[in-house]
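Chemist: Structure in structure tokens, see below.
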Amino acid sequence: MQIGFSQSLSEDAISGIVTSIEEGEPLPGVNVVEKGTTNGTITDVEGQYSIKVPSGAILVVSSIGYLTREVQVGNQTTIDIVLQEDVQQLDELVVVGYGTQKKSDLTGSIARVSGEDVLLPSTANFDQMLQGKVPGVQVSLTSGAPGGGANILVRGVSSITGGNQPLYVIDGYPIDPGGGSNSDLLSFGGSNYSSAGMANNTQNRINPLTFINPADIESIDVLKDASATAIYGSRGANGVVIITTKRGSYNQSQIKLDVSYGVQEVANRIDLMNAQQYAEFLADGRDNAWVYAGGAASDPNDVRTASTRVRPEFRNPGSIAQNTDWQDVIFQVAPVQNYQISANTGNDKMKFYLSGGYFNQQGVIRTSEFQRFNLRSNIDAQLTDKLTIGTSLTGSHGFGRYPNTEGHYGTGNVLMAALAASPTIPIYDENGGYFFDQADVIDGLGWLANPLAMLEGYSDDRKITDILSNNFIEYSITDGLTLKSSLGIQYGTNVIKLWRSSDVPFFTTLNYPATAGVTKTERINWLNENTLTYRKVFGEKHSLDALVGFTSQKDSYDRMSAGASDFPTDYVTYLSAGIVNSGTHLVSEWAMLSLMSRINYAYDSKYLLTATIRRDGSSRFGRNRQWGTFPSFSVGYNVSEEAFMDGVDFINTLKLRASYGLSGNNQIGNFTHIGLLSTINYVGNNSLLPGLVPSSLSNDELTWEISRQVNLGLDVSLFNERLSLTADFYRDLKTDLLLAVELPAASGFNSSTQNIGDIENKGVELGLQTVNVRSNQFEWNSNIVFSANRNKVLKLAAEGGRISNSSFQITQVGDPISSFYLLNAVGVFENADEVEGAALQHPNTQAGDLKFEDVNEDGAINATDRKIVGNPWPDYTWGFTNRFTYKNLSLSVSLNGSQGASSYFRAGQTILNAAGVQNQVILADRRWRSPDSPGDGLVPRAIRNNYANGFGPSSRFLFDASFTRIRELNLTYRLPETLASRLSMQGLTVFANVINLHTFSDYPGFDPESSTAGDNVVNTGIDYLTYPLPRTYTFGLNLTF
Amino acid sequence: MKIYLSLAVLLVLSACDDFLNVQPEFRVSEDNFYENENDFETALIGVYATTQQLHNVTLLYLTELSTDNAEIQWTSPTSSEMEFDESNVTSINTLVNSVWNVSYTAISRANNLLTRLEDSSLGEPANSQFRGEVLFLRAYHYFNLVRLFGDLPVVTDPFRSPDEVLSYDMSRQSAETIYQIIISDLTTAEDLLANTDDLSKSRASVGAVKTLLGKVHLTRQNHAEAAEVLKEVIDQGTYALQPDYQTLFTNGNTELLETIFEIKYLSGNLGEGNSFSSVFTPPRFDMAIFPGNMQGSGRIVPTADVAESYEAGDLRRSASIEDSVLLVDGTFAENIYGLKFVDFTTGLVGDGGINFIALRYADVLLMYAEALNELGSTNEALTYLNEVRDRSELEQIAGVNQEEFRRIVENERRVEFVSEGHRWFDLIRTGRAQTVMNAYFADRGLNFTLEDHELLMPIPQDEIDIDPNLAQNIGY
């Protein structure tokens, strides 16, 4: 009889300290594993470990950057281990397109951030977390909606008609987030609440990248220069953001549990007038308007016109008791919860990473919320010595409800309604219902309906589901030659359900009939990639890494929508309760084929060379220009590897890099090059009669926008890596810009999209990391990020041509894209003498009215006096993070800011217009009242008449959007190893965190970055109100088993 | 072996090209349209729809608000609107831009359709009928444009690529050239539509063509030709004056006997309504004249001046103008507003369902009278003038000379066609614009003037920005 035990029955606890041979310092985070098993542990902060193994076992001690050691366990219970640095491995691996590269070999400009470093608690999506963390990448938080996204702009804006979004690559799968005008809320807020309009509202409110669970992210690499992005060819011109998710580790097991609970409030409320100030203001505005029309301020109401009457109680503001804070009424303190669990395990041949999470964010505006479930499984398996397979599978389902927070309150913007409503109106009536008195509408008290009724009467429910599966098989043909083939598929659906009851006013039309709309979209995208890689080191000094590949990708987008009206009641908010009388169904597709190749060569790790080329064919482009070629070339010089640098001790690494290459931007519609017809309706016998007319001009020459970029870079680290600096200088020339070239009306088309413009972006990026203090118990390190970019249009369709991006912005040669083009308000006429002889906007301009600059000096102020008064792009953005660690306690403070951008406070044309109708931002209290009381010289007098362009577009509403923000304060306590193991855990940390503590800015709106245009970056900088940013206080804990 | 390899490569390459050839299946493209009669009719409807857009108020700013017929009551109009009220139009006026744009869009769609009809194998009678209708529409729009702007770019061909547009000569041709095109189009249309008489009045017809031709001749002071063609319309016998004037302007004014060419609208929140209810009525929150107490916008409201220019007992007044408005609280407030085409049955802004009558029989009669008077036959002219006055139960007029008759017919046209977009064209045609307008301003103590160069609208600045070679009208 054979008794075979593979393990002896007696186990001993072995403990000890692992230190480094060079420094003698204890090493935390070192793996100590019983060889051949999954029994392992990790050294704690003090380098100590403790593990139970049978005698005679072998401990495998390993850590990145150190040579692995194996130690046989004998009779001792304490084994101290000394590890030797593996200089080769100390080199970080950076993810580049279609592969990885050692940081020391890199010749392109790539910024890497680790997932753990950027992770912000209580935040739904990773893009919101990147602000101030990556040099060269401007992240703007344009809206604070739960589950919403941020705008990411790499090295400036460079496309006017095409999109400006970077390409996102998730575990090797390029995703087209469908940006551009997809989340531009300007196009809905205000126009069409008919059933057809409701059926056509397709903006995104939920971030399309929400299926990427931030907790799953291992690292984010941003490819910025052409050498790095050219491998992505026609999609690389706006930069590439590569996201790598966590994968298991061989021979290790770990279960992680993260739980956090937070409380949010609106970070910054707008200071409005109170009831007394409002009453005085309203009386002022009405009296002035009546006097202007020929009356006297003392005239009673019955001789005045309706629009100039003043309620008797407003003559005595002190007597008004009611002082409603309408922001208080629609805002609330809202909880946010996040639960994440992940398991990370593996043996010799396979590794798994499985995770699941639930995120629940209630919104700071009542009735809004966002919830999301995520699941992921990443599996890698070595089938044989030569064959590896792997899969990355993720699924997510999110849903949310959003209020209408953009536009005028006449179209249902509940945020504007709360700001504009008179504080003299009570919230509830005597029966407990929402207060409403038609007299308040008639008397013009900034009131159309009770904001609570508007909140309740409008619902915007969204659902988003995504499944992404990318699977690869890798075969090692011979030594160094590998074939990798992958097949992936992305499937996503999106549902938008809109309802607008008759309680939500349409300007002064009471009981505007209820309408509803539903849109369902389904997207299927598949990708096949095949690459052949060859890696070899010749003669010790020549290192070669070559790649050749072929990919194909196809996308199919199916959208169906329907709209209904004629609802007999407002009880049921579904189409079924009304009559469906509008809708559409469409299928839009694109296809792409690509060939690519890259060679990386390094001589003695000193002289580096990279050359790439990619050839892309896309269905989006005209018959004659369907294929494009994108080459790039870069060199690097590791000066620190030279022999003559050996003596220079304080310099650890010094590298110079230079690159030049081409990449493209293909973000235009799928069928822009085809001459299409559109329906236009007419009327027949009491019914609709559809007609068809040409709506786009075909263009066989339509092709990519091409970006030619030069980049010079410097990487240096000094004083034993205590100071590391990365600096990049770049110039990007974008040609063949896709522009909607305006055509003369006589052609029958407004415009046709052609490749015709040139734009330049140039700038500098700096990333500095310092270890300021490093002692036994205390460490302080800093991370500074700085980016400055200048944008200039070099050429447009016509000599001296000009494009109107919006009513307030133009693009013209010599200035940045979308510069603000407005009448320049230079002050207020303080008295009648100043008005005499000045250039006037109206013959009857008086003291107290705005004074404008007469740009063309023709003695009159009109639209020809508009000029460029600013632009929405910052001169520079920066981020400054400090981390202080004392024993087990760690405090981190992150600041970030932006300087030089302007923002047009479009909402100001309603709540800063000094008309004497809507409630106003407190700034309006500093208005001109009389020559003796001229106010701040910026706000004109209150008058309910726009003859002097008091509330029309002008630079009066353009503000400096520079800011400094205390983005995050985080205090973390890590339970000592001994205590943790007593609870049978590997680790336990608790943290307290504040996000958006304070933003220092002179901007009068909710946030200086607030922009109604979403990711339609070209219309950025127009603030017609959006969901305000929250300030969040979070407590949480992380447990590791 | 080599063959197989090349075959494989060829197969892959052709598959590649196919793979990249993605067509929008959910849209009609120009390659698979314009095949049969239905296609052409649908395209023709598109041109009518474009014409409908022009009339949904914008044109009235240029033809009514610019005159003593209408003024703004709203306290905060846009600068573009104010420019018409104050006779101070600039080249960046958005309404002028809009009229130019929509009119030329219609013309270009007409050109496209005409070329395709001529190239097609569509048979008779559809081919002639459609061509006739298209030519009428093209002439209609060119006529508006030439009267408003003077010299114009002439485009008579369709475009198939941006290069074709950029290489086309879009410089301004003389007004005379335009008129020749208009007259030629209308004469051809007359023949083509000779046998078509059963279409809706929202479509072209021989009567419409001749009426428009008459108006063209009259504008060019060719009174003999004008009289001749207008008499043909009268003799056709298919039109007669509505006994009740008001029926022309209220709900149900479809296919009326007096209508020669109408623009149809439809309410029901389908996007096919008009905004006349909004622009002609006062900007008050407290009116009770519409369902849901819908507010007016007070943009093109009849003036006190026109309200006072009716003779006593003129039945037309109560159908055109109201002096006081009913308020929510049951009282009346003194406030003039317009009634024509105002749809009191709908409380949705922009959803008015009353049709706009662009050409009607009363116009033919008054134009004929004007032409006859200019030819010296004042007495014969009086017959036709009095026919129109009869309908409004006004006294017949007799024993006036040519000059007096001119004043009378001018005033008659004013009260007959108030709010219908005739006033500006009438004043320009008779050379009376400056006299009338400057007297009107002086009367009201307003220091605005209609200058010489302001008898033509400015070419939109946007168009000049696109094509700097386009010359601007003098004075702008």
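The values are calculated or read from the model by the stated rules, or taken from the named source; none is laboratory data. Every value quoted in this text rests on a predicted model; they were computed, and no experiment measured them. Note that each Cβ is placed from the backbone with ideal geometry, even for glycine, and that neighbours are counted across all protein chains shown.
Chemist: Checking the structure you have, find out if any residue of segment B:434-455 is outside any loop (DSSP other than H, G, I, E, B), surrounded by fewer than 18 Cβ atoms within 10 Å (Cβ to Cβ) and of a type in the set (G, A, S).
Modeler: yes
Chemist: Run B:S205 past the list (1) farther than 25 Å from B:D390 by Cβ; (2) buried (at least 22 other Cβ atoms within 10 Å of the Cβ); (3) at pLDDT 95 or above and report the number of the one that doesn't hold.
Modeler: (3)
Chemist: Within the group A:L692, A:L702, A:L662, which residue is farther than 28 Å from A:D545 by Cα, touching a residue at least 40 places away in the same chain (Cβ under 8 Å), among the hydrophobic types (A, V, I, L, M, F, W, C) and touching a helix residue (DSSP H, G or I) at 6+ places or on another chain (Cβ under 9 Å)?
Modeler: Numbers: A:L692 fails: touching a residue at least 40 places away in the same chain (Cβ under 8 Å); A:L662 fails: farther than 28 Å from A:D545 by Cα.
It is A:L702.
Chemist: Here's another thing I want to ask about it. Looking at (1) in contact (Cβ under 8 Å) with a residue 40 or more places away in the chain; (2) in a loop (DSSP other than H, G, I, E, B), which is the one condition that is false for A:V336?
Modeler: (2)
Chemist: Got a number for residues in segment A:806-821 being part of a loop (DSSP other than H, G, I, E, B) and more than 24 Å from the chain's Cα centre (by Cα)? It would help to see each step written out before you state the result.
Modeler: Of all residues in segment A:806-821, those part of a loop (DSSP other than H, G, I, E, B) come to A:806-808, A:813-818.
Now drop any that are not more than 24 Å from the chain's Cα centre (by Cα), which leaves A:807, A:813-815.
Number satisfying all stated conditions: 4.
Chemist: Could you say whether any residue in segment A:899-914 is within 34 Å of the chain's Cα centre (by Cα) and free of Cβ contacts under 8 Å to residues at least 40 places away in the same chain?
Modeler: Checked segment A:899-914: at least one residue is within 34 Å of the chain's Cα centre (by Cα) and free of Cβ contacts under 8 Å to residues at least 40 places away in the same chain.
Chemist: Return yes or no: is A:E540 over 30 Å from A:F436 (Cβ atoms), away from chain B (no Cβ under 14 Å), among the acidic types (D, E) and in contact (Cβ under 8 Å) with a residue 40 or more places away in the chain? Steps first, answer last, please.
Modeler: Working: over 30 Å from A:F436 (Cβ atoms): yes; away from chain B (no Cβ under 14 Å): yes; among the acidic types (D, E): yes; in contact (Cβ under 8 Å) with a residue 40 or more places away in the chain: no.
For A:E540, the condition - over 30 Å from A:F436 (Cβ atoms), away from chain B (no Cβ under 14 Å), among the acidic types (D, E) and in contact (Cβ under 8 Å) with a residue 40 or more places away in the chain - is not met.
Chemist: Moving on. Would you call A:L662 of a type in the set (A, V, I, L, M) and more than 14 Å from chain B (Cβ to nearest Cβ)? Working first, answer last.
Modeler: Details: of a type in the set (A, V, I, L, M): yes; more than 14 Å from chain B (Cβ to nearest Cβ): yes.
Taking the combined requirement at face value, the residue satisfies it.
Chemist: Check segment B:98-115 and report whether any residue there is basic (K, R), over 27 Å from B:N335 (Cβ atoms) and modelled with pLDDT of 90 or more.
Modeler: Taking segment B:98-115 first, the residues basic (K, R) are B:109.
Imposing the further condition that a residue be over 27 Å from B:N335 (Cβ atoms) reduces the set to B:109.
In the following step, the residues that additionally are modelled with pLDDT of 90 or more were identified as B:109.
Yes, there is a match, as at least one residue in segment B:98-115 is basic (K, R), over 27 Å from B:N335 (Cβ atoms) and modelled with pLDDT of 90 or more.
Chemist: Restricting segment A:848-867 to residues that are assigned to a loop (DSSP other than H, G, I, E, B) and among the small types (G, A, S), which is nearest to the chain's Cα centre (by Cα)?
Modeler: Within segment A:848-867, the subset assigned to a loop (DSSP other than H, G, I, E, B) is A:848-849, A:853-859, A:861-862.
The next check asks that each one be among the small types (G, A, S); those that pass are A:848, A:859.
On the way: A:G848: 42, A:G859: 45 Å.
The extreme case among them is A:G848.
Chemist: Kindly evaluate A:R315 against the criterion of being over 30 Å from A:S392 (Cα atoms) and touching a residue at least 24 places away in the same chain (Cβ under 8 Å).
Modeler: On the way: over 30 Å from A:S392 (Cα atoms): yes; touching a residue at least 24 places away in the same chain (Cβ under 8 Å): yes.
Taking the combined requirement at face value, the residue satisfies it.
Chemist: Can you confirm whether segment B:284-298 contains a residue that is out of contact with any Phe, Trp or Tyr (no Cβ under 9 Å at 6 or more places or on another chain) and part of a helix (DSSP H, G or I)?
Modeler: No, every residue in segment B:284-298 fails to be out of contact with any Phe, Trp or Tyr (no Cβ under 9 Å at 6 or more places or on another chain) and part of a helix (DSSP H, G or I).
Chemist: On to the next question. Looking only at segment B:308-341, how many residues end up being part of a helix (DSSP H, G or I) and in contact with a Ser or Thr (Cβ under 9 Å, 6 or more places away or on another chain)?
Modeler: So in segment B:308-341, the residues part of a helix (DSSP H, G or I) come out as B:308, B:315-320.
Pick out the ones that are also in contact with a Ser or Thr (Cβ under 9 Å, 6 or more places away or on another chain) and you get B:315-317, B:319-320.
Looking only at that region, the number is 5.
Chemist: What residue, among those in segment A:670-684 that are at the interface with chain B (Cβ under 7 Å from one of its Cβ atoms) and within 9 Å of B:G46 (Cβ to Cβ), is surrounded by the fewest Cβ atoms within 10 Å (Cβ to Cβ)?
Modeler: So, considering only residues that are at the interface with chain B (Cβ under 7 Å from one of its Cβ atoms) and within 9 Å of B:G46 (Cβ to Cβ), the one surrounded by the fewest Cβ atoms within 10 Å (Cβ to Cβ) is A:I680.
Chemist: Restricting attention to segment B:143-153, does a residue exist that is in a loop (DSSP other than H, G, I, E, B) and either among the small types (G, A, S) or not assigned by TED's automatic domain parsing to the domain that holds B:K215 (or both)?
Modeler: Step one: filter segment B:143-153 for residues in a loop (DSSP other than H, G, I, E, B), giving B:150-151.
Then keep just the ones that are either among the small types (G, A, S) or not assigned by TED's automatic domain parsing to the domain that holds B:K215 (or both); that gives B:150-151.
Checking segment B:143-153: at least one residue is in a loop (DSSP other than H, G, I, E, B) and either among the small types (G, A, S) or not assigned by TED's automatic domain parsing to the domain that holds B:K215 (or both).
Chemist: Give me a count of the residues in segment A:368-405 that are surrounded by fewer than 23 Cβ atoms within 10 Å (Cβ to Cβ) and of a type in the set (F, W, Y).
Modeler: 2
Chemist: Might you check whether a residue that is among the charged types (D, E, K, R) and free of Cβ contacts under 8 Å to residues at least 60 places away in the same chain occurs anywhere in segment B:72-88? It would help to see each step written out before you state the result.
Modeler: From segment B:72-88, those among the charged types (D, E, K, R) are B:81, B:83, B:85-86; that's our starting set.
Among the residues that remain, those that are also free of Cβ contacts under 8 Å to residues at least 60 places away in the same chain are: B:83, B:85.
Scanning segment B:72-88, I find at least one residue that is among the charged types (D, E, K, R) and free of Cβ contacts under 8 Å to residues at least 60 places away in the same chain, so the answer is yes.
Chemist: Count, please, the residues in segment A:685-719 that happen to be part of a strand (DSSP E or B) and more than 13 Å from every other protein chain (Cβ to nearest Cβ).
Modeler: The qualifying residues number 14.
Chemist: When segment A:720-739 is examined, which residues are found to be in a loop (DSSP other than H, G, I, E, B) and within 19 Å of A:L106 (Cα to Cα)?
Modeler: Step one: filter segment A:720-739 for residues in a loop (DSSP other than H, G, I, E, B), giving A:720-722.
Within segment A:720-739, A:E721 is the sole residue that qualifies.
Chemist: Specify the residue that is nearest to the other protein chains (Cβ to nearest Cβ); the eligible residues are those in segment A:499-537 that are within 30 Å of B:P283 (Cα to Cα), in a strand (DSSP E or B) and not basic (K, R). Can you show your working first?
Modeler: At the first step, the residues of segment A:499-537 found to be within 30 Å of B:P283 (Cα to Cα) are A:499-516.
Now narrow it down to the ones that are in a strand (DSSP E or B): A:499-500, A:506, A:509, A:515-516.
From what's left, not basic (K, R): A:499, A:506, A:509, A:515-516.
On the way: A:W499: 16, A:F506: 7, A:T509: 5, A:T515: 8, A:A516: 13 Å.
Looking at the filtered set, the residue picked out is A:T509.
Chemist: I've got another one for you. Among the residues of segment A:622-637, are any surrounded by 17 or more Cβ atoms within 10 Å (Cβ to Cβ), of a type in the set (S, T, Y) and away from chain B (no Cβ under 12 Å)?
Modeler: Checked segment A:622-637: at least one residue is surrounded by 17 or more Cβ atoms within 10 Å (Cβ to Cβ), of a type in the set (S, T, Y) and away from chain B (no Cβ under 12 Å).
Chemist: Now for a separate question. In segment B:150-170, what residues are within 18 Å of A:N750 (Cα to Cα) and more than 11 Å from chain A (Cβ to nearest Cβ)?
Modeler: B:S167
Chemist: Output the residue which, of all residues in segment A:742-759 that are more than 7 Å from chain B (Cβ to nearest Cβ) and buried (at least 24 other Cβ atoms within 10 Å of the Cβ), is modelled with the highest pLDDT. Please lay out each step first, then the result.
Modeler: We begin by selecting, within segment A:742-759, every residue more than 7 Å from chain B (Cβ to nearest Cβ); these are A:749-751, A:753, A:755-759.
When the remaining residues are screened for being buried (at least 24 other Cβ atoms within 10 Å of the Cβ), the result is A:757, A:759.
Details: A:G757: 87, A:I759: 93.
Among those that are more than 7 Å from chain B (Cβ to nearest Cβ) and buried (at least 24 other Cβ atoms within 10 Å of the Cβ), it is A:I759.
Chemist: Where residues in segment B:435-476 are closer than 18 Å to B:T90 by Cα and among the polar types (S, T, N, Q), which of them is farthest from the other protein chains (Cβ to nearest Cβ)?
Modeler: B:N473
Chemist: Here is a further query. Check whether at least one residue in segment A:925-939 is at pLDDT 90 or above and within 14 Å of chain B (Cβ to nearest Cβ), and report yes or no.
Modeler: No, segment A:925-939 contains no residue that is at pLDDT 90 or above and within 14 Å of chain B (Cβ to nearest Cβ).
Chemist: Within segment A:822-840, does at least one residue satisfy the condition of being modelled with pLDDT of 90 or more, outside any loop (DSSP other than H, G, I, E, B) and under 29 Å from the mean Cα position of the chain (by Cα)?
Modeler: For segment A:822-840, residues modelled with pLDDT of 90 or more, outside any loop (DSSP other than H, G, I, E, B) and under 29 Å from the mean Cα position of the chain (by Cα): present.
Chemist: Among the residues of segment B:373-428, write down those that are within 23 Å of B:L148 (Cα to Cα) and polar (S, T, N, Q).
Modeler: B:N411, B:S419, listed by residue number.
Chemist: So, in segment A:319-361, exactly how many residues are basic (K, R) and crowded, with 17+ Cβ neighbours inside 10 Å? Talk me through it step by step, then tell me what you get.
Modeler: So the first thing to find is which residues in segment A:319-361 are basic (K, R), and the list is A:349, A:351.
Cutting the leftovers down to crowded, with 17+ Cβ neighbours inside 10 Å gives us A:351.
So the answer is 1.
Chemist: Would you mind listing the helices (runs of 4 or more DSSP H) fully within segment A:393-462 where at least 1 residues are within 14 Å of chain B (Cβ to nearest Cβ) and of a type in the set (D, E)?
Modeler: Passing ranges, in order: A:438-442.
Chemist: Considering every residue within segment A:555-573, establish whether at least one is polar (S, T, N, Q), within 14 Å of chain B (Cβ to nearest Cβ), in contact with a strand residue (DSSP E or B) (Cβ under 7 Å, 6 or more places away or on another chain) and farther than 22 Å from A:Y173 by Cβ. Before you say what the answer is, go through the steps one by one.
Modeler: Our first condition is that a residue be polar (S, T, N, Q); within segment A:555-573, this holds for A:556, A:561, A:565, A:569, A:573.
Adding the requirement that they be within 14 Å of chain B (Cβ to nearest Cβ) leaves A:556, A:561, A:565.
Those still in the list that are in contact with a strand residue (DSSP E or B) (Cβ under 7 Å, 6 or more places away or on another chain) too: A:556, A:561, A:565.
Keeping just the survivors that are farther than 22 Å from A:Y173 by Cβ gives A:561, A:565.
Yes, the conditions are met somewhere in segment A:555-573.
Chemist: Can you tell me which of A:I79, A:I42, A:I58 is surrounded by fewer than 21 Cβ atoms within 10 Å (Cβ to Cβ) and within 45 Å of the chain's Cα centre (by Cα)?
Modeler: Being surrounded by fewer than 21 Cβ atoms within 10 Å (Cβ to Cβ) and within 45 Å of the chain's Cα centre (by Cα) holds for just one of A:I79, A:I42, A:I58, which is A:I42.
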